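For reference, the structure is listed below as C-alpha cells.
Here, each number is a calculation from the coordinates, and none is a lab measurement. Everything numeric in this text was worked out from a predicted model, so none of it was measured. Neighbour counts run over all protein chains shown; Cβ positions are idealised from the backbone, glycine included.
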Amino acid sequence: MSEIAATTVHEAYAFACMRCGYGWEQAYEIEHHVDRSGNAFVVYKADGQQVPSPLSTPSCAKCGGHVVRIMRAGRVSLVQQLLRPPQPPRPKRAGEETAAEEMAVAAVRAPGPEPHHWHLSDLLRPFHRR
C-alpha cells in the first residue's frame, strides 16, 4: 500500500501495572499516514522499532499482566524520584548552615505532622475499584 501523506508526532506515556505495581515510561513516535485510497492508519515506534499501539492492549514488562493504567508522562519518574534515597550531604564550609539544619531548627520551633513516605501503591490507590 503506497501512501501520499504522513505526519509524525512525539508522545510519551507513563504506565503502572495494577497487578504487581511496576511502573515505567515510554516515548513514542506516532506516524499518521493516509494511503492513496484515503484510508488513515497510524504506526507507533518506540526506540526506532515499530510496536503495537500502547493504548490498545498494554502489558506489564515485569509480570506480563494486562491490567495496566496509562497516565500522562512524568508520573512514574516523579514517584521514582521520591523513592530514591537522599544524596549524602556535601561538606559544609565554616559558618554555613545546611538546608537540613535549617529545616531541623524550623521543625523544632513548629512541630508538624510526620512526613509521609510515598510508594507507587499509594499513588495508584485512587484507581483501584472497590
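Structure data summary
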read-out: Peptide ranges 37-50, 20-33, 61-74 listed from the most packed, as the mean C-beta count within 10 angstrom indicates; value: 20-33, 61-74, 37-50
read-out: Spin-label model distance (nm) - LYS45 vs ARG72, 7 Å beyond Cα toward Cβ; value: 2.7
read-out: Derived scalar couplings ³J(HN,Hα) [the stretch 17-22; Karplus, 6.51 cos²θ - 1.76 cosθ + 1.60; whole Hz; x for Gly, Pro]; value: 7, 7, 8, 10, x, 5
read-out: Distance between modelled label sites at SER56 and VAL9, nm, 7 Å Cα→Cβ extension; value: 1.9
read-out: Phi-based couplings in Hz for the stretch 54-60 (Karplus 6.51, -1.76, 1.60; Gly and Pro marked x); value: x, 8, 7, 9, x, 10, 6
read-out: Residues whose placed amide H lies under 5 Å from that of GLY65, excluding near-sequence neighbours; value: CYS60
